[in-house]
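Engineer: I have a structure here, written as structure tokens, and I will follow up with some questions on it.
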Amino acid sequence: MSETPQDVETKLGLNRNRGPIPKWAKYTIGLVVFVGASAMWISSTDQADGVQYITAPVAIGDLRVIVTATGTVEPTNMVEVSSELSGTLESVYVDFNDTVTEGTVLAELDTTKLEALLAVSKASLDSAIARVAIAQATWAETRDRYETSRRLEERGVTSHQTIVADRAAYVRAQSALQSAIADRALAEADLDLHYAELEKACICSPIDGIILDRVVDAGQIVAASLSAPVLFTVAEDLTQMELQVDIDEADIGQTAVGNKATFTVDAYDDRQFPAEISEIRFAPLTVDGVVTYKAILSVDNSDLALRPGMTATADITVAEITGALTVPNAALRYAPPAAPVEEEERSGLLGMLIPDGNDARNMGDDRTVWVMRGDTGQEISVQAGASDGRLTEILEGEIAVGDLVIVDRIDG
């Protein structure tokens, strides 16, 4: 009669004191087996399945960190010329793009009414001067009469009523003279006012510059009763312009007065214009929930290629680093996919310890790169510095020039 394996174990004493295996031991053994199998699977499948890694070398290079902003080209000083007076424009002497100097006559209002008012003021002043002369003569006459009456009273020749009447007439004459002098001053002021209004009928340029805009023609009525209408726009100097750009709040901390920049405009696609930040305003601008800050860039426009109102895109250099240890930005974003695991194997303790593939891919950040060590990749922790959008400076980490960092992989 043949013996079973159990009979053999009983005779040899191999099944003596065998008890049930604890659950924690089963999970521990399973975890060790799984990790080892996974490592072997990754190593074997990378070659068996034809996985190819795309790598880039760690190199020494120069970084230029830029901030991009958009805005418009504007004159450094632009003046809107208005009229304080209402009336009809008799003549307009300038047109678009005309060069003017300070005091150049741009236009004139019809002065017929103003000249008539000026003539009336002159006549009123002449009348006031005449009244002053009459009042002075009357004052002198009453003064002499009062002085005579006073001396006669002292000798007892005249009556008291006479001296009282002469004194009252003298006081009245003195008051009339003061009133006439005041009327003369009022007439002089009124005449000065009409002279000033007549001068304002001539609309002149307040600065040296170029006429950018003209919105009136001869014969047009100007109504300045409520607000001064804008008749002309004069730019002081188009050879020195400024670029006004809006910088996002996320980038404003990197920018500073003195930063160099280059910008392009649609009119010259193949030309870059140099500029420099001369002012950064503290006042925020909020449009559709986006907060920006206005920066003013000085621009040399000696060739007059740029025109007011042109839309520009500026690249502001906020940092320049030479001799930096750099890696491609893609290397900082790369994370290998996790090995596939059946759903039933993820239950219990194993599922808590081993995350799924999506979680593994999200574990990479900008402080980790994968470096090829032989035929496999090794994860290296690094400290990233400035970035120009393509390359990133590595400040610390166990990588060196010539190391190959993984930027992507191709599954066969």
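The values are calculated or read from the model by the stated rules, or taken from the named source; none is laboratory data. Just so we're clear, the structure is a prediction, and the values are computed from it rather than from any experiment. Neighbour counts run over all protein chains shown; Cβ positions are idealised from the backbone, glycine included. Note: accessible area is taken over every heavy atom of the protein model, side chains too, but ligands, DNA and RNA are not part of it. Shrake-Rupley method; radii C 1.70, N 1.55, O 1.52, S 1.80 Å.
Engineer: Just to be sure I understand, how many residues within segment 62-121 are charged (D, E, K, R) and in a strand (DSSP E or B)?
Structural biologist: Within segment 62-121, residues that are charged (D, E, K, R) and in a strand (DSSP E or B) number 6.
Engineer: Also: Does any residue in segment 154-166 that is at pLDDT below 80 come within less than 7 Å, Cβ to Cβ, of a residue that is surrounded by 10 or more Cβ atoms within 10 Å (Cβ to Cβ) and part of a helix (DSSP H, G or I) six or more places away or on a different chain, and which pairs are these?
Structural biologist: Listed by first residue and then by second, the contacts come to THR158/SER149; THR158/LEU152.
Conditions tested, residue by residue: (1) polar (S, T, N, Q); (2) touching a helix residue (DSSP H, G or I) at 6+ places or on another chain (Cβ under 9 Å).
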site: THR162; (1), (2): yes, yes
site: LEU177; (1), (2): no, yes
site: VAL216; (1), (2): no, no
site: ALA223; (1), (2): no, no
site: GLU236; (1), (2): no, no
site: GLN240; (1), (2): yes, no
site: ASP246; (1), (2): no, no
site: ALA250; (1), (2): no, no
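Engineer: How many residues does segment 166-190 hold that are farther than 30 Å from GLU147 by Cβ, surrounded by fewer than 18 Cβ atoms within 10 Å (Cβ to Cβ) and aliphatic (A, V, I, L, M)?
Structural biologist: So the answer is 2.
Engineer: Moving on. Within segment 158-178, does at least one residue satisfy the condition of being outside any helix (DSSP H, G or I) and closer than 23 Å to GLU90 by Cβ?
Structural biologist: Checked segment 158-178: no residue is outside any helix (DSSP H, G or I) and closer than 23 Å to GLU90 by Cβ.
Engineer: Could you check, for segment 38-52, whether at least one of its residues is open to solvent by 50 Å² or more (accessible area, probe 1.4 Å), modelled with pLDDT of 90 or more and part of a strand (DSSP E or B)?
Structural biologist: No, there is no match, as no residue in segment 38-52 is open to solvent by 50 Å² or more (accessible area, probe 1.4 Å), modelled with pLDDT of 90 or more and part of a strand (DSSP E or B).
Engineer: Within segment 78-108, take every residue that is within 30 Å of ASP183 (Cβ to Cβ) and of a type outside the set (Gly, Ala, Ser) and give me the one that is surrounded by the fewest Cβ atoms within 10 Å (Cβ to Cβ).
Structural biologist: Looking at residues that are within 30 Å of ASP183 (Cβ to Cβ) and of a type outside the set (Gly, Ala, Ser), I get GLU84.
Engineer: Can you tell me which residue in segment 191-244 is least open to solvent (accessible area, probe 1.4 Å), limited to those that are more than 20 Å from VAL105 (Cα to Cα), of a type in the set (S, T, N, Q) and in a loop (DSSP other than H, G, I, E, B)?
Structural biologist: That would be THR239.
Engineer: Out of (1) open to solvent by 90 Å² or more (accessible area, probe 1.4 Å); (2) among the basic types (Lys, Arg); (3) touching a helix residue (DSSP H, G or I) at 6+ places or on another chain (Cβ under 7 Å), the odd one out for ARG150 is which?
Structural biologist: Condition not satisfied by ARG150: (1).
Engineer: Just to be sure before I move on: is VAL132 open to solvent by less than 60 Å² (accessible area, probe 1.4 Å), outside any helix (DSSP H, G or I) and more than 13 Å from ALA201 (Cα to Cα) in the structure I sent?
Structural biologist: no
For every residue, the table says whether it meets (1) open to solvent by less than 80 Å² (accessible area, probe 1.4 Å); (2) modelled with pLDDT of 90 or more; (3) out of contact with any helix residue (DSSP H, G or I) (no Cβ under 8 Å at 6 or more places or on another chain).
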{"position": "VAL291", "(1), (2), (3)": "yes, yes, yes"}
{"position": "ASN301", "(1), (2), (3)": "yes, yes, yes"}
{"position": "LEU306", "(1), (2), (3)": "yes, yes, yes"}
{"position": "ASN329", "(1), (2), (3)": "yes, yes, yes"}
{"position": "ALA338", "(1), (2), (3)": "yes, no, no"}
{"position": "ARG373", "(1), (2), (3)": "no, no, yes"}
{"position": "THR376", "(1), (2), (3)": "yes, no, no"}
{"position": "GLU379", "(1), (2), (3)": "no, yes, yes"}
{"position": "GLU393", "(1), (2), (3)": "yes, yes, yes"}
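Quick grid of which residues meet (1) open to solvent by 40 Å² or more (accessible area, probe 1.4 Å); (2) closer than 17 Å to LEU63 by Cα; (3) at pLDDT below 50:
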residue	(1), (2), (3)
VAL318	no, yes, no
LEU325	no, yes, no
GLY357	no, no, yes
GLY364	no, no, yes
THR368	no, no, no
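Engineer: Kindly establish whether THR162 is open to solvent by less than 60 Å² (accessible area, probe 1.4 Å) and farther than 30 Å from ALA196 by Cα.
Structural biologist: So THR162 fits the description; yes.
Engineer: Taking LEU350 as meeting all but one of (1) open to solvent by less than 80 Å² (accessible area, probe 1.4 Å); (2) under 30 Å from GLY397 (Cβ atoms); (3) modelled with pLDDT under 80, write down the number of the exception.
Structural biologist: (2)
Engineer: Can you pull out the residues in segment 375-393 that are in contact (Cβ under 8 Å) with a residue 60 or more places away in the chain and more than 32 Å from the chain's Cα centre (by Cα)?
Structural biologist: Of everything in segment 375-393, those that are in contact (Cβ under 8 Å) with a residue 60 or more places away in the chain and more than 32 Å from the chain's Cα centre (by Cα) turn out to be ASP375, THR376, GLY377.
Engineer: All but one of (1) open to solvent by less than 90 Å² (accessible area, probe 1.4 Å); (2) closer than 14 Å to ALA314 by Cα; (3) assigned to a strand (DSSP E or B) hold for ASP251; which doesn't?
Structural biologist: Of the numbered conditions (1) open to solvent by less than 90 Å² (accessible area, probe 1.4 Å); (2) closer than 14 Å to ALA314 by Cα; (3) assigned to a strand (DSSP E or B), the odd one out for ASP251 is (3).
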